[in-house]
Every structure is written in C-alpha cells, then in structure tokens.
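Here's the structure, in structure tokens; my notes come after.
FYI, it's all coordinate maths here, none of it is from the lab. Bear in mind that the values here come from a model prediction, so they are computed numbers and not experimental data. Cβ placement follows ideal geometry from the backbone for every residue including glycine, while neighbour counts extend to all protein chains displayed.
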Amino acid sequence: MSFSKKIAIVTGSSQGIGKAIAVLLSQNGATVILNGRNQEKLNTVEEELKANNSDVCSFCGDVSDEKVAENLILFTLQKFGKIDILVNNVGVSMRGDFADLAPNVFKKVFTTNVMGKIFPTKFAIPSLRKTKGSIIFISSLAGIRGLPTLSAYSASKMALKSFADSIRTEEVSHKLHVGLIYVAITEIEENKTTIGENGQEVILNTRANKKVQTTKQVAEAVLQNLKTRKNISILSGLGIVNYYMQKFFPRLVDKIILANLAKFKSEGK
Ligand SMILES: NC(=O)c1ccc[n+]([C@@H]2O[C@H](COP(=O)([O-])OP(=O)(O)OC[C@H]3O[C@@H](n4cnc5c(N)ncnc54)[C@H](OP(=O)(O)O)[C@@H]3O)[C@@H](O)[C@H]2O)c1
C-alpha cells in the first residue's frame, strides 16, 4: 500500500516515536501534519523533512486543550480538504507508588494521555468517515496490565483500549480503521521527561546501553498496522508473551511482577 495522496496528522511528532512515524509516513509518500507544543522544535523537524522533499507542515499547540485540538483538525481540512490518518501519539509517563503521588499527577497524565487523544479523534471523525480512514492510538505494554510505580500511566493506556474498542464498533458502518499499538520500551531522546511523585518534570536517564526498540521499529509497526488495518499490534517478543500470559495466566503474571517488584521500584526512582 502506498501512502501517496494520504493526509496524515501525527500528534506529538517534534521528537521521539511521533517524529519517527512522521518521517516514515512522509518517506512513503504521505503528506504529514506535524504537531507539538514547541514551534522551534517543530521548525527543525519540518526543515529536516523538507530537505528530503517531503510534503510536510506543522501545527503548534497542546492537543489536550479541546479548542486547540479542534483548530488542528480545521487547519488540516482548510489546507488539504481531508484527513486519511490520525496518529494519536502524544503521551507522558510518570513514576512513583500511588500512595506517594500528589493528586495532580493522575490529572496531568490523564489530561495528556487520554484527553490529548480523545479531542483530536472527536473532531477528525467526520472527515475520517468520508475517507474510510485510520485512527491509531499509541499505547504501551503498561496498557496490558497495570504495572507498579506506573499506576496513572497504566490506567491511562488501559483507557485507550476501551475507547478504541467502542469507536471501532460504533464506526463499523463507516469502515473506519482503529488500530491500537502496544509499544515496548523504546529508545528515548536526551531531553525526554517524565512526571515525578510531586508532579514535577524529571529528565529520564538515557537508554543508550539498554536493549530497547528503536523509534524506527515502532514506526515500521505503525505503518504495517495501517497497511493491514489490524485492530491491535503488539511490539516485541516480550510484549506478545506478556499479552497472552495476562489473558490466560494472570496469576502467574502477578507472581512474576511481584518477584521483580524491587526492580520496578528502583527503575521508578
Ligand atoms: N519511549 C518509550 O519507551 C515508550 C514505550 C511505550 C509507549 N510509549 C508511548 O509513545 C508515545 C511517544 O513517546 P516518546 O517516548 O516518543 O515521547 P517524547 O519523546 O516525550 O515525545 C513526546 C512528543 O509529544 C509532544 N507533546 C507532548 N505533550 C503534548 C501535547 N499535550 N500536545 C501536543 N504535543 C505534545 C512533545 O513535544 P512538546 O513537548 O514540544 O510538546 C513530543 O514531540 C507516548 O504515547 C508514549 O506513552 C513510549
């Protein structure tokens, strides 16, 4: 499947996984609308892509704000007349045991990870119905089973599963494709932040020496999901084992996680 003449919005695409998805979509012929909250970062990615003859433009704004999300969709429709693909990628993680979390941590995580995906979807649906297009949700292995020190993050990613299932069923007569991507631990940019126990931004340690997926591998899985219009894609061998073990042997998964609790907690610090 070629992506030429396809109009694709990728939210949160000024760095990391979203950028890799935007790059691969444009290399495969799509016109891409980049998004992020920092215009300078967006300009850099836009210039990088244009240097490779990609058809790309950017929309700066926080998609967890309803009005901004609506404006992103209006901007795209005014410029290109339609939307074929919406990749809901924005997301933020957090660290800390639930009992120690400031209450605003949950609010911050849900605002970005849930509302930041619901609002663009809401406003894009009328156009996506006409194009029989695709909505992609970038989830995580933490969306398969709630993980220790990641309660808000896991719950927000789990919410995407039920949201995706609901709209997939509601939109079946419009032939909309709704793909949920369970991403495993992936390489990160040097400046990537998470939310600490008190709601403060914390810069994550790099994963340079760890065995993690590349952002390009994640992008390739997203394009494969778009081509095959599958309901879910689970990344990495560990992810697939995790998914089926949780389904058929949930108590064994509990035991494995409990045996590794210290590791989860030390990584969460
Ligand atoms: N990295 C991993 O190991 C991993 C694993 C599983 C799942 N995931 C998921 O993959 C997605 C991307 O992760 P990543 O590691 O690539 O993240 P990242 O490096 O932190 O990039 C996030 C991107 O989203 C933008 N952004 C954040 N909040 C936004 C908002 N409210 N409105 C508009 N743009 C926003 C950021 O730019 P600005 O800050 O400039 O706005 C940036 O471009 C997330 O959904 C994450 O949960 C990641």
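Each residue in the stretch 176-203 was checked for being touching a residue at least 40 places away in the same chain (Cβ under 8 Å), farther than 26 Å from K161 by Cα and either acidic (D, E) or in a loop (DSSP other than H, G, I, E, B) (or both), and 3 of them qualify.
Restricting attention to the stretch 23-37, the residues being surrounded by fewer than 24 Cβ atoms within 10 Å (Cβ to Cβ), polar (S, T, N, Q) and over 19 Å from A221 (Cβ atoms) number 1. Is there a residue being surrounded by 14 or more Cβ atoms within 10 Å (Cβ to Cβ), within 16 Å of the ligand (Cβ to nearest atom) and under 19 Å from G16 (Cβ atoms) anywhere in the stretch 239-262? Within the stretch 239-262, one or more residues are surrounded by 14 or more Cβ atoms within 10 Å (Cβ to Cβ), within 16 Å of the ligand (Cβ to nearest atom) and under 19 Å from G16 (Cβ atoms).
With respect to the conditions (1) buried (at least 22 other Cβ atoms within 10 Å of the Cβ); (2) polar (S, T, N, Q); (3) on the phi > 0 side of the Ramachandran plot, N53 lacks only one, and its number is (1). Residues that are closer than 18 Å to S233 by Cα and not small (G, A, S) within the stretch 152-168 comprise K157, M158, L160, K161, F163, D165, I167, R168, listed in sequence order.
Residue by residue, here is whether (1) touching a helix residue (DSSP H, G or I) at 6+ places or on another chain (Cβ under 9 Å); (2) of a type outside the set (A, V, I, L, M); (3) closer than 20 Å to T131 by Cβ; (4) surrounded by 15 or more Cβ atoms within 10 Å (Cβ to Cβ) holds:
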site: S162; (1), (2), (3), (4): no, yes, no, no
site: K175; (1), (2), (3), (4): yes, yes, yes, no
site: V178; (1), (2), (3), (4): yes, no, yes, yes
site: Q200; (1), (2), (3), (4): no, yes, no, no
site: R229; (1), (2), (3), (4): no, yes, yes, no
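Across the stretch 191-225, the number of residues qualifying as under 19 Å from N89 (Cα atoms) and more than 10 Å from the ligand (Cβ to nearest atom) comes to 11.
Filtered by the rule that a residue be among the small types (G, A, S), surrounded by fewer than 24 Cβ atoms within 10 Å (Cβ to Cβ) and more than 11 Å from the ligand (Cβ to nearest atom), the stretch 1-22 gives S2, S4. So V218 clears everything in (1) in contact (Cβ under 8 Å) with a residue 40 or more places away in the chain; (2) under 20 Å from F3 (Cα atoms); (3) surrounded by fewer than 14 Cβ atoms within 10 Å (Cβ to Cβ) except one condition, right? Which one? Among (1) in contact (Cβ under 8 Å) with a residue 40 or more places away in the chain; (2) under 20 Å from F3 (Cα atoms); (3) surrounded by fewer than 14 Cβ atoms within 10 Å (Cβ to Cβ), the lone unmet condition for V218 is (3).
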